[in-house]
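Notes follow once the structure below has been shown.
The values are calculated or read from the model by the stated rules, or taken from the named source; none is laboratory data. All of these numbers come straight from a predicted model, not from anything done at the bench. So basically every Cβ, Gly included, is an ideal-geometry build from the backbone, and we count neighbours across all protein chains shown.
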Amino acid sequence: MRWSQTLLPTLKEIPAEAEAISHILMIRAGLIRKLTSGVYTYLPFGLKVLEKVEAIVREEMDRKGGQELLLPAIQPAELWEKSGRMKALGRDMIQFEDRHGKLNVLGPTHEEVITFLVKNEVSSYRQLPLILYQIQTKFRDEARPRFGVIRSREFIMKDAYSFDRDQAGLNESYSRMYEAYREIFRRCGLRAIPVEADTGVMGGDVSHEFMIPAVNGEDRIVLCEQCGYSVSMDKAECLSPAEPETTDVPEKPLQETATPNLRSVAEVAGFLKVSPSELIKTLIYVIEGKGAAVLVRGDHEVNETKLSRALGGAEVKMADAQTIEKLTGGPVGFSGPVGLKNLKIIADVSLKGGSDFVSGANKADTHLLNVNEGRDFKADLWADLRDITETDACPRCGKVLNITTAIEIGHVFKLGTKYSEALDARFLNEKGENLPVIMGCYGIGVTRIIAACVEQNHDNSGIVWPLSLSPFQVVVLPLGPNPELIQVSEEVYEGLKNVGLEVLLDDRDLRAGVKFKDADLIGIPLQVVIGEKGLARSEIEIKVRKSGAKSVLPRAGVCEGILQLLKEL
RNA sequence: CGGGGCGUGGCUCAGUUUGGCUAGAGCGCUUCGUUCGGGACGAAGAGGCCGGUGGUUCAAAUCCACUCGCCCCGACCA
């Protein structure tokens with residue numbers, strides 16, 4: 001392809017709208033342009049990369065026995081009513097009424113639609129197992145689109161669904177997809193870490209996320225370098241402290257103390273000269289419409305996913321200031337577990353390890369000293385409710401943990417029968433029993449892979465594509481208007497195309513510096529530099545984008561030399 | 001949805017505090033010339049009713065009200 005005839009608008013300056021490095025570079029390198037918040041156009045080069053990713057995904061899915069199909073983006077809302085997810089996902093779905101007044105949604109995901117299909121088309125165990133997948137645009141009206149293509153409202157996803165007769169079959173399908181995912185990400189040049197994950201609104205019991213460590217990640221993952229334990233924050237087990245040896249009745253009496261205008265843990269701990277870990281942080285929640293007090297140590301944070309799970313998946317929401325005052329009798333910042341009426345008390349297990357805590361008194365400007373569970377209040381439920389921290393020990397091997405931010409690029413779930421039961425997708429087994437199909441679902445954020453790849457593969461000059469995703473394998477840079485040089489560049493360009501390479505010729509009438517900067521920015525792995533200096537010696541210079549390493553090839557054997565260099569990349 | 005910030009040629013920004021002639025710069029773009037190995041130089045151009053609406057005023061990019069859009073932090077998140 002000739003640069004002069006391509007829509008590849010590179011930018012010198014950092015666009016004001018972008019913050020994340022991948023977002024900045026994708027705009028600067030002419031891959032994407034924003035239409036409106038969270039909605040992007042893919043320019044020709046962006047599309048080329050997208051197609052590379054899709055090709056890899058298709059190959060690996062097909063290799064594992066997946067069959068590609070294409071499901072509709074428009075879906076009747078009633079299907080979502082049946083699965084029970086209309087409420088859970090309602091506000092994230094783009095909804096519209098058609099001319100008949102029927103409510104539809106633009107698909108944010110496709111469990112409902114595929115289950116509907118399978119319900120109608122599959123009725124015998126002989127048709128199972130089945131893995132179906134598609135690559136398609138998804139629509140999610142995100143509360144806050146962010147980081148360009150990393151969190152957008154319209155994006156391309158590969159979603160696969162497995163259908164099995166029994167749990168063993170599901171396990172087999174799941175591990176196949178798991179393996180396919182590892183291979184896909186490896187081929188995309190990504191270091192992806194599989195972590196045990198929460199299943200969220202998808203449902204099911206087992207789930208893994210594939211995470212790319214990145215500064216602009218929105219998720220946090222927990223890694224143990226000793227034993228390899230890797231898990232999402234929402235799923236990381238915090239070890240319970242040892243129960244105190246003695247169960248003596250605490251002796252120090254409960255005591256009120258004035259803490260004027262001191263609300264936060266840091267303020268109170270500082271004022272009373274105690275460590276934050278000696279405080280009980282009391283957060284008032286509304287759980288399924290009822291008030292509850294959630295207790296964690298002052299130096300810990302509540303993890304709402306864990307909280308919800310401890311309550312059997314209940315909807316949990318922090319109470320607002322007014323509600324807190326109504327439920328506890330005290331203002332925000334002075335809540336405590338002592339003397340609460342009609343509030344369920346849910347306590348984090350780490351509180352079992354201490355005694356004589358400080359807590360709010362449910363009264364303005366007042367805290368309590370020497371608070372003890374059992375004597376001063378009674379917890380209705382003990383559970384692991386908090387975020388794990390780097391000071392916690394690995395729950396598997398007891399060694400040091402690492403917490404890092406990451407981008408989620410894939411997620412696999414063992415769904416079980418959640419959707420097949422709700423939508424009545426059943427089959428007859430060999431004994432004539434009528435059973436719900438056992439399902440799994442497997443998603444890859446195809447467009448997100450591109451951003452994650454840039455996030456992981458760039459330097460100060462621009463993008464550094466892995467060969468597998470690069471829009472072109474080679475870029476040819478003629479330096480200057482010398483006719484002989486142009487002639488040679490054309491020959492090299494044609495020669496490289498003839499040996500089957502994807503090559504970009506920078507035939508623009510621009511100075512060398514501009515071409516070098518642009519070539520570095522767009523990140524094609526090999527640069528072929530054709531200048532008068534080298535030509536005088538019948539040599540052509542090659543630069544490897546990633547390492548910056550330069551080498552020369554004899555003019556006569558450039559194509560072979562370049563093929564060789566590409567193999568070594 | 002809560003908090004903060006920003007909207008001025010295609011891009012990055014100045015000008016707004018303290019209203020005042022014809023609204024600026026750099027980059028990019030067009031034409032001509034000189035140049036040509038890491039974002040060249042000179043000359044001549046094109047391109048903006050300053051996000052929108054309403055108001056205050058002799059006079060509004062600038063002040064006021066409303067509104068739309070975008071970004072960041074948080075909440076939420078498959």
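Just for the stretch A:95-116: of the residues that are of a type outside the set (Gly, Ala, Ser) and surrounded by fewer than 17 Cβ atoms within 10 Å (Cβ to Cβ), which one is nearest to RNA strand B (Cβ to nearest atom)?
My answer is A:Gln95.
Consider A:Ile24 against the criteria (1) in contact (Cβ under 8 Å) with a residue 12 or more places away in the chain; (2) under 21 Å from the mean Cα position of the chain (by Cα): it satisfies all of them except one. Which criterion is unmet?
It fails just one condition, (1).
When the residues of the stretch A:81-94 are narrowed to those that are in a helix (DSSP H, G or I) and within 11 Å of RNA strand B (Cβ to nearest atom), which ends up farthest from A:Met439 (Cα to Cα)?
It comes out as A:Arg91.
What is the number of the single condition among (1) in contact (Cβ under 8 Å) with a residue 12 or more places away in the chain; (2) away from RNA strand B (no atom under 16 Å from the Cβ); (3) of a type outside the set (D, E, K, R) that A:Leu47 does not meet?
(1)
Is at least one residue of the stretch A:302-324 touching a residue at least 12 places away in the same chain (Cβ under 8 Å), more than 23 Å from A:Phe357 (Cα to Cα), buried (at least 18 other Cβ atoms within 10 Å of the Cβ) and in contact with a Ser or Thr (Cβ under 8 Å, 6 or more places away or on another chain)?
Yes, that holds for at least one residue.
Being assigned to a strand (DSSP E or B) and either within 12 Å of A:Val437 (Cα to Cα) or of a type in the set (A, V, I, L, M, F, W, C) (or both) is the filter here, so list the residues in the stretch A:110-134 that pass it.
Across the stretch A:110-134, the qualifying residues are A:Ser124, A:Leu130, A:Ile131, A:Leu132.
Residues being surrounded by fewer than 24 Cβ atoms within 10 Å (Cβ to Cβ), closer than 30 Å to A:Arg151 by Cβ and within 15 Å of RNA strand B (Cβ to nearest atom): count how many of those fall in the stretch A:456-490.
Result for the stretch A:456-490: 6.
The rows are residues; the columns are (1) at pLDDT 95 or above; (2) of a type in the set (A, V, I, L, M, F, W, C).
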| residue | (1), (2) |
| --- | --- |
| A:Pro483 | no, no |
| A:Glu491 | yes, no |
| A:Glu502 | yes, no |
| A:Ile524 | yes, yes |
| A:Glu532 | no, no |
| A:Ser538 | no, no |
| A:Arg545 | yes, no |
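Determine which member of the set A:Gly313, A:Gly336 is in a loop (DSSP other than H, G, I, E, B), of a type outside the set (A, V, I, L, M), under 29 Å from A:Met233 (Cα atoms) and more than 33 Å from the chain's Cα centre (by Cα).
A:Gly336
Please indicate, with yes or no, whether at least one residue in the stretch A:220-233 is within 16 Å of RNA strand B (Cβ to nearest atom), modelled with pLDDT under 95, at negative phi and in contact with a Gly (Cβ under 8 Å, 6 or more places away or on another chain).
no
Looking at A:Ser207 and the list (1) within 11 Å of RNA strand B (Cβ to nearest atom); (2) buried (at least 24 other Cβ atoms within 10 Å of the Cβ); (3) hydroxyl-bearing (Ser, Thr, Tyr), which single condition is not satisfied?
The failed condition is (2).
Can you run down the residue pairs with Cβ atoms below 8 Å, 6 or more apart or on separate chains, where the first is in the stretch A:513-535 and outside the structural domain of A:Glu484 (by TED's automatic domain parsing) and assigned to a helix (DSSP H, G or I) and the partner is more than 6 Å from RNA strand B (Cβ to nearest atom) and polar (S, T, N, Q)?
If the second residue must be more than 6 Å from RNA strand B (Cβ to nearest atom) and polar (S, T, N, Q), no pairs are left.
Could you tell me how many of the residues in the stretch A:1-54 are touching a Ser or Thr at 6+ places or on another chain (Cβ under 8 Å), hydrophobic (A, V, I, L, M, F, W, C) and more than 30 Å from A:Glu490 (Cβ to Cβ)?
3
Collect the residues in the stretch A:26-38 that are among the aliphatic types (A, V, I, L, M), within 11 Å of RNA strand B (Cβ to nearest atom) and at pLDDT 95 or above, keeping them in residue-number order.
The answer is A:Ile27, A:Ala29.
Identify, please: which residue in the stretch A:550-567 is hydrophobic (A, V, I, L, M, F, W, C) and more than 11 Å from RNA strand B (Cβ to nearest atom) and is, among those, surrounded by the fewest Cβ atoms within 10 Å (Cβ to Cβ)?
Step by step, filter the stretch A:550-567, then rank; the result is A:Ala556.
List pairs: first in the stretch A:247-272 and assigned by TED's automatic domain parsing to the domain that holds A:Val302, second surrounded by fewer than 13 Cβ atoms within 10 Å (Cβ to Cβ) and at pLDDT 85 or above, Cβ under 7 Å, 6+ apart or cross-chain?
These pairs meet every condition: A:Ala269/A:Ser275.
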